[in-house]
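The block underneath contains the structure these notes are about, expressed in structure tokens.
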Amino acid sequence: MPRRAAPPVPTYRAQLARPVSAPPDGDGWVHEIKYDGYRIGAALEGGHATLWSRRDKDWTREFPEVAAGVRALPARSALLDGEVAALLPDGRTSFQALQNARVPGPPLPRGAGLGRGFAAGARPALAYFVFDLLFLDGEDLAARPLLERKAALERLLGAGRGIVRYAPHVVGGGPRVYREAVRLKLEGIVSKRGDAPYRPGRNATWLKVKSFLRQELVIGGFTEPEGAARDGIGALLVGFHEGRALRFAGKVGTGFTNAVARSLRARLERLVQAESPFTPRPTGWLGRNARWVRPELVCEVAFSEWTQDGKVRQSSFQGLREDKRAEEVVREWPASA
């Protein structure tokens, strides 16, 4: 009889966590660190590794060292889910460190060396923190309970500290785990039902609690820098979607390096338009002096609080989110767990 062909690795479709105001308690939940990077699915098949973003984009050229680490795994085929992040000297992850080491811009052509816009000599130390295993050597694992999938993942990856790393978890004690994450100045935690299958999309079996306020916002304009500099930006004007309307959520004027500000300005210049994309149009000085752009770019912003009129306060630019669509960006309203 002819040998049966092995089942192909399935398409990566990410499960997403719902934002909540406090972590769930009870031993039915497991809790992981919320890593601060790019969500990536890694497919291993036929000796080749392909990295996929949430938006179904091939990012293998973006992170060649991660792809090499996946190829080296002791498996014939696999589908991993995790987060690629830049490592700080103290072991924490930083999306801003990753962004500050790259020049914002469109993807470079395939074969362009370091990948999408990273500056030579400034590449940060990367790690791929893998928290789920959806397929292994011809077997689909997505319908199995999370704790079974993670046990198989730990056997596959082991306890090594290479570029592809197992993302550990804590069973139960969500409030205690969250307090420790805050103390260590981590981004937050993700809480998952230990008995649940993997379900693509956003649902209640995965919950996230952030240590401080952060979210993606759409760039709809910018102001000129103060003084003689004309190749940077003063502040970004950002917003979120409410139905079909883009609501103005304030301005972001800190968090840029000079190089990032110049590169971001060059990219925004290509999107300049005459009319404000915000509904309603900002009033006062901003309404008269801002330069408006097509609302296509998404940035991540850290801030202290939302004001009563829906503006971010004490905001800081963290980087562009190449993996998010502008039309998907809405205001996050954390619910009760």
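About its Cα centre, the dipole of region 268-314 is roughly 180 debye, where the only charges are +1 on Lys and Arg Cβ and -1 on Asp and Glu Cβ. Each peptide in 306-312, 23-29 was scored by the mean count of other Cβ atoms within 10 Å over its residues; highest first, the order is 23-29, 306-312. Stretching the chain fully between residue 58 and residue 147 yields a gain of 29.2 nm (0.36 nm per residue, less the alpha carbon separation).
What separates the Cα centres of region 24-45 and region 128-145 is a distance of 12 Å. Beyond 40 Å, what share of the Cα-Cα pairs of the chain remains, rounded to the nearest whole percent? In whole percent, the share of Cα-Cα pairs in the chain beyond 40 Å is 15.
Note on the chain: GNM, Cα springs under 10 Å; of 238, 30, 272, the largest mean-square fluctuation is that of 272. For region 219-337, the pair-distance distribution built from all alpha carbon pairs, in bins 5 Å wide starting at 0, is 2, 11, 22, 26, 22, 11, 4, 1, 1, 0, 0 percent. Using the average count of surrounding beta-carbon atoms within 10 Å as a protection proxy, the listed peptides 291-298, 85-92, 32-39 rank, highest first, as 32-39, 291-298, 85-92. Counting only Cβ charges, +1 for Lys and Arg and -1 for Asp and Glu, the dipole size of region 213-328 around its Cα centre is about 200 debye. Taking other residues whose beta carbon is less than 14 angstrom from the beta carbon of residue 301, and scoring Lys, Arg as +1 and Asp, Glu as -1, yields +2. Placing pseudo-labels 7 Å out from each Cα toward the beta carbon at residue 281 and residue 296 gives an inter-label distance of 2.3 nm. Helix 258-269 and the longest principal axis of the Cα set of the chain meet at an angle near 80°.
Once you have the Cα-Cα distance between residue 224 and residue 48, take 0.36 nm times their residue separation minus that, and quote the gain in nm to one decimal.
Values: separation 176, 0.36 × 176 = 63.36 nm, distance 4.65 nm.
Between residue 224 and residue 48, full extension yields 58.7 nm more.
Karplus-based coupling profile of region 124-133, in residue order and whole Hz: x, 5, 10, 9, 9, 8, 9, 10, 8, 10, with θ = phi - 60° in 6.51 cos²θ - 1.76 cosθ + 1.60 and x standing for Gly or Pro.
Of the DSSP beta bridges with both residues in the chain, give the percent that are antiparallel, rounding to the nearest 5.
Details: 68 of 79 bridges.
If I count the DSSP bridges inside the chain, around 85 percent turn out antiparallel.
For the chain, calculate the relative contact order in percent as a whole number, restricting contacts to Cα pairs under 8 Å that are 6 or more residues apart. Please report the intermediate quantities before stating the final value.
On the way: 770 pairs, mean separation 69.0, N = 337.
Result for the chain is 20 percent.
Please give the contour-minus-distance gain from residue 88 to residue 335: 0.36 nm per residue of separation, less the Cα-Cα distance, rounded to one decimal in nm. Please list the in-between numbers first.
Numbers: separation 247, 0.36 × 247 = 88.92 nm, distance 3.11 nm.
Stretched fully, the residue 88-residue 335 segment lengthens by 85.8 nm.
Going from the fewest other Cβ atoms within 10 Å to the most, the residues 48, 31, 241, 169 appear in the order 48, 241, 169, 31. Relative to the longest principal axis of the Cα atoms of the chain, the long axis of helix 174-183 lies at roughly 50 degrees. Summary of packing: across the peptides 157-166, 75-84, the per-residue average of other C-beta atoms within 10 Å ranks them, highest first, as 75-84, 157-166.
The numbers here are math on the coordinates, done by the rules we state, and not lab data. Model, not experiment: these values are computed from the prediction. Positions of Cβ are generated from backbone atoms using ideal geometry, with glycine treated the same way; all protein chains shown enter the neighbour counts.
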